């Protein structure tokens, strides 16, 4: 039997409860996969992840109960070098066979790089980084030196997009690195009926619902999608005012209405420009605004209430929304930026648009003309590729365990 199938002691370093968000959900789900395969796992998370002035949301902490099946140590202070020394010595002494560390922001480079350098002194622990981003979406002072400092003690890397794999070559060209697609988020519950989901959210069954899901930041292109909604609304108004029968008109969403955009997620930047844009475009009646953090226990309602998930990103490496859509079997429209198109086969799982309002509006129109039945068989087949067991297997392979 390969040593990869012998029980290992594993520590995951990264966000976990009581912190909230996609990274925490991912790390907890990964820990469960390791445990399911017979390994001993714990997570070392942050007692202070971001100083308050760097955090754009309302709170960093979850309102959900703590997982009872995962050993989580709330230990790391991202800005206190004395803490880094203490945590590094603790992990060095524990001598885990494997440390899996998340890297998503250069700000974390000094903290994590320092801790890992101390761990490496035990000459036993293998360190594998799951790199969400190497070059951040929003550039800041210190990005390159912080990342260079971080990568040095890491033995191998996993990326969840081809783009990040390419970016990584600038910093660690000789270290083992593999691309593995983001596994499905299957820890938010099973798919429920559209009737149940819409009843919970108070959305009418006869509405056509587009979903923008997740934190609202400039690079995610919500403003582009709002412009697209204006195009759809104006075209629908032209159709409704036409003297031609519907079958002779451009029947935009195969039902004579532009649909509604459900925006579900917290603003991670100033919301004022978005409110002003909505007012200027006169599209408020085409929107359903749920602009607060969506708790894990409520995620299924938003995904299952939607007809279509739209990711109008200006730039991207990969997206945690894509595996969510796969899990809940919702077709997607994504823009042709970064790693998004490689995860959404065009005209099968969804449609690929250019990152502009006209293209996105046209693809929304095309989706509803073709209907969900065109996409669902391909989506159900494609989702089989995105397994947590494949992620774990690849981590062991690049670590040489």
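Computed values, structure above
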{"quantity": "Single unsatisfied condition, residue 126 versus (1) out of contact with any strand residue (DSSP E or B) (no Cβ under 9 Å at 6 or more places or on another chain); (2) under 16 Å from residue 10 (Cβ atoms)", "calculated": "(1)"}
{"quantity": "Condition met for residue 179 (within 24 Å of residue 363 (Cβ to Cβ), surrounded by fewer than 20 Cβ atoms within 10 Å (Cβ to Cβ) and under 23 Å from the mean Cα position of the chain (by Cα))", "calculated": "no"}
{"quantity": "Odd one out for residue 309, checked against (1) in contact (Cβ under 8 Å) with a residue 40 or more places away in the chain; (2) closer than 28 Å to residue 391 by Cβ; (3) in a loop (DSSP other than H, G, I, E, B)", "calculated": "(3)"}
{"quantity": "Test: residue in region 319-327 that is free of Cβ contacts under 8 Å to residues at least 60 places away in the same chain and over 20 Å from residue 180 (Cα atoms)", "calculated": "no"}
{"quantity": "Residue match in region 79-86 (condition: closer than 30 Å to residue 292 by Cα and surrounded by fewer than 21 Cβ atoms within 10 Å (Cβ to Cβ))", "calculated": "yes"}
{"quantity": "Residue satisfying condition, being assigned by TED's automatic domain parsing to the domain that holds residue 157, part of a loop (DSSP other than H, G, I, E, B), on the phi < 0 side of the Ramachandran plot and touching a helix residue (DSSP H, G or I) at 6+ places or on another chain (Cβ under 7 Å), within set 99, 134", "calculated": "134"}
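Conditions tested, residue by residue: (1) under 23 Å from residue 21 (Cα atoms); (2) modelled with pLDDT of 95 or more; (3) crowded, with 21+ Cβ neighbours inside 10 Å.
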| site | (1), (2), (3) |
| --- | --- |
| 217 | yes, no, no |
| 250 | no, no, no |
| 275 | no, yes, no |
| 280 | no, yes, no |
| 285 | no, no, no |
| 312 | yes, yes, yes |
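Conditions tested, residue by residue: (1) assigned to a helix (DSSP H, G or I); (2) crowded, with 16+ Cβ neighbours inside 10 Å.
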{"residue": "289", "(1), (2)": "no, no"}
{"residue": "292", "(1), (2)": "no, no"}
{"residue": "303", "(1), (2)": "yes, yes"}
{"residue": "342", "(1), (2)": "yes, no"}
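The values are calculated or read from the model by the stated rules, or taken from the named source; none is laboratory data. What you are looking at is a predicted structure, and each value in this text was computed from that prediction instead of being measured. Neighbour counts run over all protein chains shown; Cβ positions are idealised from the backbone, glycine included.
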